[in-house]
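Novice: This is the structure, below, for whatever I ask next.
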Amino acid sequence: MQPHQVAVYGTLKRGLPNHGYMRGARFMGDDWLTDITLYDLGYFPGAKLEPSGGIHVEIYQIDDSTLVALDRLEGYRPEQHELSLYHRVLLSSRFGTTWVYVYNHDVDDLPVIRQGAWSLR
């Protein structure tokens, strides 16, 4: 069983609807990532690899089974890259290298968050 770190920025954060997926994960702490910008997709956000003023994330240490569950939730299909809703990429955080799910579709005309945090409406 390989431990992984994942940065969450949307509905997987504490107090939000999908946080149950993080059951059993070890909360490492908060961070601000400047390598991503968020786009408001409505019921959840999508990150793009674009510089920002800092996006608030929560960093968790997770096991292999949690990573598989998150891949499923995020529509990540490594074998069908172009069909994935999100891609999983490694970025640097203050806790070391961490996985971040990056949105795989166009974000034209969507509300942008270049600094701060996404919140559920």
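The values are calculated or read from the model by the stated rules, or taken from the named source; none is laboratory data. None of these values were measured; they are calculated from a predicted model. Cβ: placed from backbone, ideal geometry, glycine included. Neighbour counts: every protein chain shown.
Novice: With the structure loaded, tell me whether GLN5 is touching a His at 6+ places or on another chain (Cβ under 9 Å), in a strand (DSSP E or B) and within 17 Å of TRP99 (Cβ to Cβ) or whether it fails that test.
Specialist: no
Novice: Let me ask you something else. Is it fair to say SER65 is of a type outside the set (Val, Ile, Thr), crowded, with 18+ Cβ neighbours inside 10 Å and more than 15 Å from LEU12 (Cα to Cα)?
Specialist: The answer is no for SER65.
Novice: Continuing with this model, one more query. If I ask for residues that are more than 23 Å from ASP31 (Cβ to Cβ) and in contact with a Leu (Cβ under 7 Å, 6 or more places away or on another chain), which ones from segment 77-103 would you list?
Specialist: The one that is more than 23 Å from ASP31 (Cβ to Cβ) and in contact with a Leu (Cβ under 7 Å, 6 or more places away or on another chain): ARG77.
Novice: Output the qualifying pairs, or none if there are none: Cβ atoms under 6 angstrom, residues six or more apart or on different chains, first residue in segment 11-37 and closer than 21 Å to GLU50 by Cα, second residue among the acidic types (Asp, Glu) and assigned to a loop (DSSP other than H, G, I, E, B).
Specialist: THR37/GLU50
Novice: Here is a further query. Has segment 72-86 got any residue that is over 21 Å from LEU110 (Cβ atoms), in contact (Cβ under 8 Å) with a residue 60 or more places away in the chain, out of contact with any Phe, Trp or Tyr (no Cβ under 9 Å at 6 or more places or on another chain) and of a type outside the set (Val, Ile, Thr)?
Specialist: no
Novice: Another one. Let me confirm something: among TYR60, TYR43, TYR9, TYR21, which residue is touching a Pro at 6+ places or on another chain (Cβ under 7 Å) and among the aromatic types (Phe, Trp, Tyr)?
Specialist: TYR9
Novice: Residue by residue through segment 66-80, note down the ones that are in a helix (DSSP H, G or I) and either modelled with pLDDT of 95 or more or aliphatic (A, V, I, L, M) (or both).
Specialist: THR66, LEU67, VAL68, ALA69, LEU70, ASP71, ARG72, LEU73
Novice: Residues in segment 22-45: is at least one more than 14 Å from GLN115 (Cα to Cα), in contact with a helix residue (DSSP H, G or I) (Cβ under 9 Å, 6 or more places away or on another chain) and either of a type in the set (Ser, Thr, Tyr) or loosely packed, with under 13 Cβ neighbours inside 10 Å (or both)?
Specialist: Checking segment 22-45: at least one residue is more than 14 Å from GLN115 (Cα to Cα), in contact with a helix residue (DSSP H, G or I) (Cβ under 9 Å, 6 or more places away or on another chain) and either of a type in the set (Ser, Thr, Tyr) or loosely packed, with under 13 Cβ neighbours inside 10 Å (or both).
Novice: When the residues of segment 81-121 are narrowed to those that are part of a loop (DSSP other than H, G, I, E, B) and touching a Ser or Thr at 6+ places or on another chain (Cβ under 8 Å), which ends up surrounded by the most Cβ atoms within 10 Å (Cβ to Cβ)?
Specialist: Here the residue is ASN104.
Novice: Filter segment 1-21 down to the residues that are of a type in the set (A, V, I, L, M) and surrounded by 15 or more Cβ atoms within 10 Å (Cβ to Cβ), then identify the one that is farthest from ASP71 (Cα to Cα).
Specialist: Out of the qualifying residues, it is LEU16.
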